[in-house]
Amino acid sequence: MQNNAILKLNDITKEFPGVVALNKVSLEVKPGEVHILLGENGAGKSTLVKILSGAYSKDSGEIFLSDEKVEIKNPKHAQELGVGVIYQELNLIPHLSVAENIFLGREFSYPVGVIDSKKIIEETKKLLYELNVNINPNALISSLGTAQQQMVEIAKALSLNSKILIMDEPTSSLTKKEIETLFQTIRKLKQKNVALIYISHRLEELFEIGDRVTILRDGNLIETKQISETSRAELIKLMVNRDLKDQYPEREKEIGNELLKVINLSTENLLQNISFSLFEGEIVGIYGLLGSGRTELARAIFGADQFESGEIFINGKPTKIDSPGKAIKKGIGFLTEDRKTQGLILDLSVKENISLTSLDELTSFGIIKLKEELQVSEYYISELKIKTTGSNQNVRSLSGGNQQKVVFAKWLNTETNIFIFDEPTRGIDVGAKQEIYELMNRLTLNGCGIIMISSELPEILGMSDRVLVMHNGKITAEFDNTDLSQEVILNSAIGEVYAN
């Protein structure tokens with residue numbers, strides 16, 4: 001790692017109506033460095049990245065690349081200056097090949113103007129070889145997994161001669177093995193003196209891959225530290241300005257009547273004889289590795305996917321659920337794993353998203369009662385402390401934690417008493433996580449039951465009353481959460497069967 005900074009930001013300021021997103025933020029990044037950018041949702045990380053990528057213009061301050069002052073005009077100009085960004089939502093075209101995506105708009109061609117496909121394939125092979133990645137250049141992007149698509153994005157950035165590569169939540173959808181592959185690639189990039197700005201809410205991985213960390217809070221620079229000279233507890237305190245010793249808040253437990261009973265539920269391709277119950281005031285955690293069938297189970301209960309056999313009882317009565325609409329009418333709400341594509345309509349406002357599940361009550365002769373819709377949305381904005389400039393703000397522009405709160409509000413605005421949460425805190429910071437946990441506890445105090453699917457073992461142990469473990473479409477174990485360890489859960493997740 002070289003000592004001279006390749007990127008210097010001096011007093012960068014950016015304001016939006018009613019919000020100071022960045023307030024005189026200064027930052028230096030060195031060649032061959034993994035510089036962690038850390039902060040709660042809404043701290044200013046995304047705004048800073050968008051300024052560097054040319055998507056936003058700064059209001060004031062200076063940007064230096066290799067000691068040369070620059071004004072980044074637009075995303076294309078940022079690429080020309082050597083700044084590449086790999087967003088959490090990958091920016092690839094599914095029906096084009098790997099090679100076509102990497103050189104899109106920059107195709108090699110013969111003098112007569114015909115595209116030189118052979119040259120594009122050759123150059124793609126070189127880029128993938130440099131990254132030690134085994135991907136067919138002719139493969140369609142739609143045929144690749146998330147980890148492979150990320151490698152294509154990295155190869156694309158290298159093809160643009162990126163000297164600075166920004167990675168936004170790159171591991172949020174990856175398995176442990178895929179994360180290690182990504183980290184190996186990052187180490188290769190460091191050897192090539194590529195500077196990396198790395199954004200993640202998974203604090204444990206920062207100590208494995210990071211060199212320095214800069215913490216933002218409410219648009220302000222708090223501190224820059226060597227990773228080796230700090231700790232997880234200190235980073236959390238710097239991020240949220242408080243100790244989070246009780247990250248998983250205690251709650252009064254009063255388990256009531258059976259809300260949901262699933263008996264021998266099976267699907268054609270994966271689920272096999274799934275049986276369990278959910279009671280009032282209870283959180284049942286479901287853990288399993290990739291491909292275990294967790295999300296498929298949630299979708300089957302919610303009526304999004306059809307099941308081949310089995311029965312579902314709600315409040316002791318057999319119930320046929322063959323569509324999400326019927327599930328909602330029976331009091332089931334589903335917070336999906338992917339809030340951006342399945343939980344929200346990003347081009348609608350906060351108000352419109354909150355009212356989506358209750359339009360029947362908010363309409364008269366097909367016309368939305370706007371005053372009532374506004375009252376409902378403003379109530380939940382206040383109740384859930386959603387940080388927004390107002391109910392008409394586009395939900396796309398909210399932070400991840402606040403988007404998740406909008407999804408919560410959407411379901412709270414119904415008669416839901418059975419909640420299925422699939423990865424409820426994925427991609428949100430520790431402060432917002434605690435607020436989500438407190439919301440979950442409030443729901444159980446009101447007699448609701450929650451099925452919580454999570455890949456985070458500390459979350460499973462911290463929030464669940466009972467834990468179901470899945471492997472290859474089966475429940476391999478059920479535990480009361482008393483003196484339960486991560487090791488026991490993991491053993492069950494890889495197929496070791498434990499008695500109840």
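The values are calculated or read from the model by the stated rules, or taken from the named source; none is laboratory data. As the structure is a prediction and not an experimental result, all values here were calculated from the model. Neighbour counts run over all protein chains shown; Cβ positions are idealised from the backbone, glycine included. Keep in mind that these areas ignore ligands, DNA and RNA; they rest on the heavy atoms of the full protein, side chains included. Shrake-Rupley method; radii C 1.70, N 1.55, O 1.52, S 1.80 Å.
Could you check what % of the DSSP bridge pairs in segment 167-304 are antiparallel, to the nearest 5?
85 percent
How long are the three semi-axes of the equivalent ellipsoid of the chain, in whole Å, if each is the root of 5 times an eigenvalue of the C-alpha gyration tensor, listed from largest down?
40, 27, 24
Which value in deg cm²/dmol, rounded to the nearest 500, describes the helix-derived mean residue ellipticity at 222 nm for the chain, given -39,500 (n - 2.57) per DSSP H run of n ≥ 4 and division by the residue count?
The per-residue figure over the chain is -9000 deg cm²/dmol.
State the percentage of accessible surface on the chain attributable to carbon and sulfur atoms; use a 1.4 Å probe and exclude ligands, DNA and RNA. If you can, show how the numbers build up before the last one.
Numbers: 10870 of 23470 Å².
Looking at the chain in its full context, I get 46 percent from C and S.
Students often check this: by mean Cβ neighbours within 10 Å, which of 195-203, 417-425, 342-350, 59-67 ranks highest, and how do the rest follow? Could you put the intermediate results ahead of the total?
Working: 195-203: 21.4, 417-425: 24.0, 342-350: 17.3, 59-67: 14.8.
For the peptides 195-203, 417-425, 342-350, 59-67, the packing ranking is 417-425, 195-203, 342-350, 59-67.
For the chain, what's the relative contact order in percent, using C-alpha pairs closer than 8 Å and at least 6 residues apart?
The normalised contact order for the chain reaches 15 percent.
Could you give me the ³J(HN,Hα) list for segment 104-115, computed from phi with Karplus coefficients 6.51, -1.76, 1.60 and θ = phi - 60°, whole Hz, x at Gly and Pro?
Taking θ as phi minus 60°, the curve returns 4, x, 9, 5, 6, 9, 6, x, 7, x, 7, 5 Hz for segment 104-115.
Once the Cα atoms of helix 117-130 and of the chain are each reduced to a long axis, what angle between those two axes, in degrees from 0 to 90 to the nearest 10, is obtained?
It is inclined by approximately 80 degrees.
Cα axis of helix 430-445 to longest principal axis of the chain: angle in degrees, 0 to 90, nearest 10?
On a 0 to 90 degree scale, this one is about 10.
Can you give the local net charge around Asn74? Use residues other than it whose beta-carbon is closer than 13 angstrom to its beta-carbon, Lys and Arg +1, Asp and Glu -1.
Within the 13 Å Cβ shell, the charges total +1.
Per residue, how large is the accessible surface of the chain? Use a 1.4 angstrom probe and give square angstrom.
Details: 23470 Å² over 500 residues.
Accessible surface, normalised per residue, equals 47 Å².
What span do the alpha-carbon atoms of segment 309-369 cover on each of the three principal axes, reported in whole Å from largest to smallest?
Per principal axis, max minus min of the Cα coordinates gives 39, 32, 16 Å.
Take each of the peptides 129-137, 449-457, average the number of other beta-carbon atoms within 10 Å over its residues, and list them starting from the highest.
Result, highest mean Cβ count within 10 Å first: 449-457, 129-137.
With the contact rule set at Cα under 8 Å and sequence spacing of 6 or more, what percent relative contact order holds for segment 348-500?
17 percent
Can you bin segment 227-281 into rounded, prolate or oblate? Criterion: square roots of the alpha carbon gyration tensor eigenvalues sorted a ≥ b ≥ c, rounded for a/c under 1.5, prolate for a/b above b/c, oblate for the rest.
Oblate, since a/c reaches 1.5 and b/c is not below a/b.
Which percent, to the nearest 5, of DSSP beta bridges fully inside the chain are antiparallel?
55 percent
How large is ³J(HN,Hα) for each residue in segment 339-354, as worked out from phi by the Karplus curve 6.51 cos²θ - 1.76 cosθ + 1.60 (θ = phi - 60°), to whole Hz, x for Gly and Pro?
In residue order, the calculated couplings are 5, 6, 9, 10, x, 9, 10, 4, 8, 9, 7, 4, 4, 5, 5, 4 Hz.
Rg(Cα) of segment 54-135 divided by 2.2 N^0.38 Å?
Rg over 2.2 N^0.38 Å, computed on Cα atoms: 1.40.
Using 7 Å Cα-to-Cβ label points, what is the Leu346/Glu383 separation (nm, one decimal)?
Distance between the two pseudo-spin positions: 2.8 nm.
Hey, what did segment 242-302 get for relative contact order, percent, Cα under 8 Å, at least 6 apart?
On the way: 57 pairs, mean separation 16.8, N = 61.
Computed value for segment 242-302: 27 percent relative contact order.
Measuring from label point to label point, each 7 Å out along Cα→Cβ, what is the Lys369 to Glu258 span in nm?
Placing both labels 7 Å beyond Cα along the Cβ direction yields 3.8 nm.
In whole Å, what is the distance between the alpha-carbon centres of segment 337-391 and segment 435-487?
Comparing the Cα centres of segment 337-391 and segment 435-487, I get a distance of 28 Å.
Which far-off residues, 5 or more places away or on another chain, put their amide H under 5 Å from the one on Ile166, with H placed in the peptide plane?
Placed amide hydrogens put Gly84, Val85, Ile86, Ile197 under 5 Å from Ile166.
Mind checking segment 348-393 for trypsin sites (Lys or Arg not before Pro) that DSSP puts in a loop (not H, G, I, E or B) and that have at most 13 other Cβ atoms within 10 Å?
Details: sites: Lys351, Lys369, Lys371, Lys385, Lys387; in loops: Lys369, Lys385, Lys387.
For trypsin sites (Lys or Arg not before Pro) across segment 348-393 that sit outside H, G, I, E and B with at most 13 neighbouring Cβ atoms in 10 Å, the list reads Lys385.
What list of ³J(HN,Hα) couplings, whole Hz, do you get for segment 366-378 from phi and the Karplus terms 6.51, -1.76, 1.60, once you set θ to phi - 60° and write x for glycine and proline?
After applying 6.51 cos²θ - 1.76 cosθ + 1.60, I find x, 10, 5, 7, 4, 5, 5, 4, 5, 4, 4, 5, 5 Hz.
Loop-only chymotrypsin sites (Phe, Trp or Tyr not before Pro) in segment 353-409, please: DSSP not H, G, I, E or B, and at most 16 other Cβ atoms within 10 Å. Walk me through the numbers on the way to the answer.
Values: sites: Phe365, Tyr379, Tyr380, Phe408; in loops: Phe365.
Those satisfying the criteria are Phe365.
Could you run the Debye sum over the Cα atoms of segment 368-500, one equal point scatterer each and no solvent, and tell me log10 of I(q)/I(0) at q = 0.17 Å⁻¹, two decimals?
For segment 368-500 at q = 0.17 Å⁻¹, log10 I(q)/I(0) is -0.95.
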